[in-house]
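Enquirer: Have a look at the structure that comes next, please.
The values are calculated or read from the model by the stated rules, or taken from the named source; none is laboratory data. As the structure is a prediction and not an experimental result, all values here were calculated from the model. Note that each Cβ is placed from the backbone with ideal geometry, even for glycine, and that neighbours are counted across all protein chains shown. Side chains included, ligands, DNA and RNA excluded: accessible areas come from the protein's heavy atoms. Shrake-Rupley method; radii C 1.70, N 1.55, O 1.52, S 1.80 Å.
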Amino acid sequence: MGAMPAEKLNPPSQTEPAIRPSSGLRQAIYQSVWRWHFYAGIIFAPFLIILAFSGAVYLFKPQIENYLYKDMLTVREAGSSPMSPEAIIGKTVKAYPGTTVASITLAGKPESSYKLSVTRNETSTTMYVDPYTGNALGMMDSDKTFSAFFKKLHSELVVGGTIANRLVELAACWAVILLLTGLFLWWPRSKSAVWGTILPRLSKPGSRQFWRDLHAVPAFWLSLVLLVIIAGGLPWSGIMGGQIDKLANSTNTNTPPYAYSFGEKPESVTVAKDIAEDLPWAAENIAVPSSAAGGYVPLGLDEIAAIADRQDVKKPYTITLASGERGVFTVSTSHTVPGQNATLHMDQYSGAVLTDVRFADYGIMAKAITYGIAFHEGRLFGLANQLIGLIACAGLILIAFSSYVMWRKRKPSGKLGAPAKPKSNKTTLGVLLIMLACGAAMPLVGASLLFVLLLDLFILRRIKSLRHWFSI
């Protein structure tokens, strides 16, 4: 969220902006922007608090899971050489009848266990095995792990489903508008306006000025980081993510055709994310090629791992087993260091590498998004990245909470306390057109704007009590 207007020396009225613009036109624009900022904040602040809290926790997923699941993620004693992937899967299936293995992740550190994604009793399960003995160290329901819960809270508000996911995306998109409108409201009207803009005034704890500065000043300092974090998360979203992917593909700045090392680009309706795990964003929608079936004997998992090693795929990487006679083996890795990302599809009979996509093959947009996602998840440059994300998330919670306190302090009885509508209809229309332009760039914002306009036109304006409550 962005900044709310600063207070005057004299107690302001319920709708009076804090720093008066010098002209009537500027004041009308200011008032209109403030009004949009106010309503967006009232609606989306609770969602942003949830996203900030869940995101802050998820940032430290590696440290938290290493503590919670230490006995499963690390081996008691590292041996001289690990068992082969094929032997590990064979031992696991024998020890746990009815288990179907979908993929195996080969660790990059000697003390780390191997992870198997399996299906047991029709339940997706994550198993961890000692790579030196092949013994299972433990297993968890894939949907009930610590990271799965906070990831679902962050992306689907725990309840799950398309509607919850779209609400999260809508809140994230409106957060961008809140930050931009907040910066407009924050912008100092004089060169000497340092206090309340660059530095907070904390001499009167509990006053509106105190809470206003706790809202505006952190929002200014954190605005750029928050915009980058939001931008890093949008490629995963349902609507904007698809739009971003289409833009990258249409401009050939995602994964170019030459990344396909075997023949022409496959015209498949199946994409990589449908069959494999641990995929980089840029490789999720790569069309999956087919194996040349013809009565051949499939290769073993050890041979696929050997090919991956010869192709210089850095561990940890995940091998997804081929499914059906036309299926392919997929070797994928979404490394902490984006430059080591790799996605390979291999013919299950010949071992031919049908698709080989590395970070170097990405277009400029895909590279930027890959770095943005890594920063969003706190894994781009280690602990420092995590701490920056934590500060940004904590700051966002403070910004949202302080806005609520300010609102309660200024809210009159019997009204919502929204800023008064500008007297200039032209100004109102002009700001609305700018908002609609933002809605064109962010489809869910556009849809919500149209809904609000229709609600205002056909309901709110026609009921006197609602007109009074919303200051229409």
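Enquirer: Here are the criteria: (1) under 30 Å from S334 (Cβ atoms); (2) outside any helix (DSSP H, G or I). Tell me which single one V445 does not satisfy.
Expert: It is condition (2) that V445 fails.
Enquirer: Determine if the stretch 122-131 includes at least one residue that is of a type outside the set (D, E, K, R), touching a residue at least 60 places away in the same chain (Cβ under 8 Å) and buried (at least 20 other Cβ atoms within 10 Å of the Cβ).
Expert: To start, the set of residues in the stretch 122-131 that are of a type outside the set (D, E, K, R) comprises 123-129, 131.
So of that shortlist, the ones also touching a residue at least 60 places away in the same chain (Cβ under 8 Å) come out as none.
Within the stretch 122-131 (the criterion being of a type outside the set (D, E, K, R), touching a residue at least 60 places away in the same chain (Cβ under 8 Å) and buried (at least 20 other Cβ atoms within 10 Å of the Cβ)), the answer is no, since none of the residues qualifies.
Enquirer: I would also like to ask the following. Among the residues in the stretch 419-427, are any at pLDDT 90 or above, open to solvent by less than 40 Å² (accessible area, probe 1.4 Å) and in a helix (DSSP H, G or I)?
Expert: Taking every residue of the stretch 419-427 in turn, at least one turns out to be at pLDDT 90 or above, open to solvent by less than 40 Å² (accessible area, probe 1.4 Å) and in a helix (DSSP H, G or I).
Enquirer: Might you check whether a residue that is at positive phi and touching a Lys or Arg at 6+ places or on another chain (Cβ under 8 Å) occurs anywhere in the stretch 195-202? Walk me through it before giving the result.
Expert: Within the stretch 195-202, the first condition is being at positive phi, and the residues that meet it are 196.
So of that shortlist, the ones also touching a Lys or Arg at 6+ places or on another chain (Cβ under 8 Å) come out as 196.
Checked the stretch 195-202: at least one residue is at positive phi and touching a Lys or Arg at 6+ places or on another chain (Cβ under 8 Å).
Enquirer: Which numbered condition in (1) open to solvent by less than 50 Å² (accessible area, probe 1.4 Å); (2) under 21 Å from S155 (Cα atoms) is the only one that V33 fails?
Expert: (2)
Enquirer: In the stretch 76-100, what count of residues is obtained for those that are outside any helix (DSSP H, G or I), of a type in the set (V, I, T) and at pLDDT 95 or above? Even if it seems obvious, please write down each step before you answer.
Expert: We begin by selecting, within the stretch 76-100, every residue outside any helix (DSSP H, G or I); these are 76-84, 96-100.
This time we only want the ones that are of a type in the set (V, I, T), so: 99-100.
Those left that are additionally at pLDDT 95 or above: none.
The total comes to 0.
Enquirer: If K151 satisfies every condition in (1) of a type in the set (K, R); (2) free of Cβ contacts under 8 Å to residues at least 24 places away in the same chain; (3) over 28 Å from V405 (Cβ atoms) but one, which is the exception?
Expert: All conditions are met except number (2).
Enquirer: Of the numbered conditions (1) in contact (Cβ under 8 Å) with a residue 60 or more places away in the chain; (2) under 30 Å from A308 (Cβ atoms), V93 satisfies every one except a single condition; which is it?
Expert: All conditions are met except number (1).
Enquirer: Residues that are in contact with a helix residue (DSSP H, G or I) (Cβ under 8 Å, 6 or more places away or on another chain), surrounded by 13 or more Cβ atoms within 10 Å (Cβ to Cβ) and at pLDDT 90 or above: does the stretch 254-265 have at least one?
Expert: no
Enquirer: Something else: Restricting to the stretch 177-191, name every residue that is out of contact with any Phe, Trp or Tyr (no Cβ under 9 Å at 6 or more places or on another chain) and open to solvent by 30 Å² or more (accessible area, probe 1.4 Å).
Expert: Step one: filter the stretch 177-191 for residues out of contact with any Phe, Trp or Tyr (no Cβ under 9 Å at 6 or more places or on another chain), giving 179-180, 187-191.
Answer for the stretch 177-191, where residues must be out of contact with any Phe, Trp or Tyr (no Cβ under 9 Å at 6 or more places or on another chain) and open to solvent by 30 Å² or more (accessible area, probe 1.4 Å): L180, W187, P188, R189, S190, K191.
Enquirer: Right, next: Quick test for you: out of D278, D302, pick the one residue that is farther than 24 Å from K61 by Cα and among the acidic types (D, E). Spell out how you get there, then give the answer.
Expert: On the way: D278 fails: farther than 24 Å from K61 by Cα.
Unique residue meeting the criteria: D302.
Enquirer: Next question, about the same structure. Does G206 qualify as being among the small types (G, A, S), open to solvent by 20 Å² or more (accessible area, probe 1.4 Å) and either at pLDDT 90 or above or part of a loop (DSSP other than H, G, I, E, B) (or both)?
Expert: Values: among the small types (G, A, S): yes; open to solvent by 20 Å² or more (accessible area, probe 1.4 Å): yes; either at pLDDT 90 or above or part of a loop (DSSP other than H, G, I, E, B) (or both): yes.
Yes: the conditions hold for G206.
Yes or no, residue by residue, for (1) surrounded by fewer than 18 Cβ atoms within 10 Å (Cβ to Cβ); (2) in contact with a helix residue (DSSP H, G or I) (Cβ under 7 Å, 6 or more places away or on another chain):
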position: A193; (1), (2): yes, no
position: L214; (1), (2): no, yes
position: L222; (1), (2): no, yes
position: L227; (1), (2): yes, yes
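Enquirer: Something else: State which residue is farthest from M127 (Cα to Cα) when the search covers only the stretch 68-83 and only residues that are open to solvent by 50 Å² or more (accessible area, probe 1.4 Å) and under 28 Å from the mean Cα position of the chain (by Cα).
Expert: L68
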